[in-house]
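FYI, it's all coordinate maths here, none of it is from the lab. Note that the structure is predicted; figures quoted are calculated from it, not measured.
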């Protein structure tokens, strides 16, 4: 399936839009700012190298099944390429992010969020995964959610976890 590769100007980031969705989807503005904000709140100030792929649900379901053993579509997947989050090499790629565009757009509608804002949040979330953060246990989840909230605030966007403010 043909893809469209978009190279961000003066960036170390590749954005790929799969051919099956490219006619109906344009990546939102703010992708680079989302990555930068996630890196900033995590204390990583060097512009990272990474690849973001906007894919169809079937492609993300296949990746999820292959890499996580879960035969279902999910909104976003992260594939870190560096093992030691304490010693990230800015001259090496952080990794890849894959978003299931139809799933994400439906999710945004269900959550009553602007589609672009929801995509930006998922990119912040996935970038934090590439930087070594996770949400496997409650303590890790709380730390990661706090960083996401800070990044989204930096971007002037919604609080992705408003229930934490109550």
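Report the gain in length on full extension from residue 72 to residue 14: 0.36 nm times residue separation, minus Cα-Cα distance, nm rounded to one decimal. Please report the intermediate quantities before stating the final value.
Working: separation 58, 0.36 × 58 = 20.88 nm, distance 2.58 nm.
Contour length minus Cα-Cα distance gives 18.3 nm.
Extension gain, residue 136 to residue 110, is 6.9 nm, computed as 0.36 nm per intervening residue step minus the present C-alpha separation.
How high is the relative contact order of the range 44-134, in percent, counting Cα pairs under 8 Å that sit 6 or more residues apart?
Computed value for the range 44-134: 33 percent relative contact order.
The value given for the range 45-166 is a Kirkwood hydrodynamic radius of 15.2 Å, derived from the mean inverse Cα-Cα separation. Decide, for the range 12-74, between rounded, prolate and oblate: order the square roots of the alpha carbon gyration tensor eigenvalues as a ≥ b ≥ c, take rounded if a/c falls under 1.5, and otherwise choose prolate if a/b is larger than b/c, else oblate. Here the range 12-74 falls in the oblate category.
Find the relative contact order for the chain and round it to a whole percent, using C-alpha pairs within less than 8 Å whose residues are 6+ positions apart.
On the way: 278 pairs, mean separation 37.6, N = 166.
Relative contact order of the chain: 23 percent.
Need one number: convex hull volume per residue for the range 92-144, Cα atoms only, in Å³. All intermediate terms of the calculation are to be shown ahead of the outcome.
Details: hull volume 5.0 nm³, N = 53.
Dividing the Cα hull volume of the range 92-144 by its residues yields 95 Å³.
Largest first, the three principal axis extents of the alpha carbons in the range 123-162 are 27, 21, 10 Å in whole numbers. Helix content alone sets the calculated 222 nm mean residue ellipticity of the chain: runs of n ≥ 4 DSSP H residues at -39500 (n - 2.57) each, divided across all residues, give -13000 deg cm²/dmol.
For residue 154 and residue 26, compute 0.36 nm times the residue count separating them, minus their Cα-Cα distance, and round to one decimal in nm. Before the final figure, lay out each step's value.
Numbers: separation 128, 0.36 × 128 = 46.08 nm, distance 2.35 nm.
Gain on stretching residue 154 to residue 26: 43.7 nm.
Take every pair of alpha-carbon atoms less than 8 Å apart whose residues are at least six positions apart; their mean separation over the length of the range 40-88 yields a relative contact order of 23 percent.
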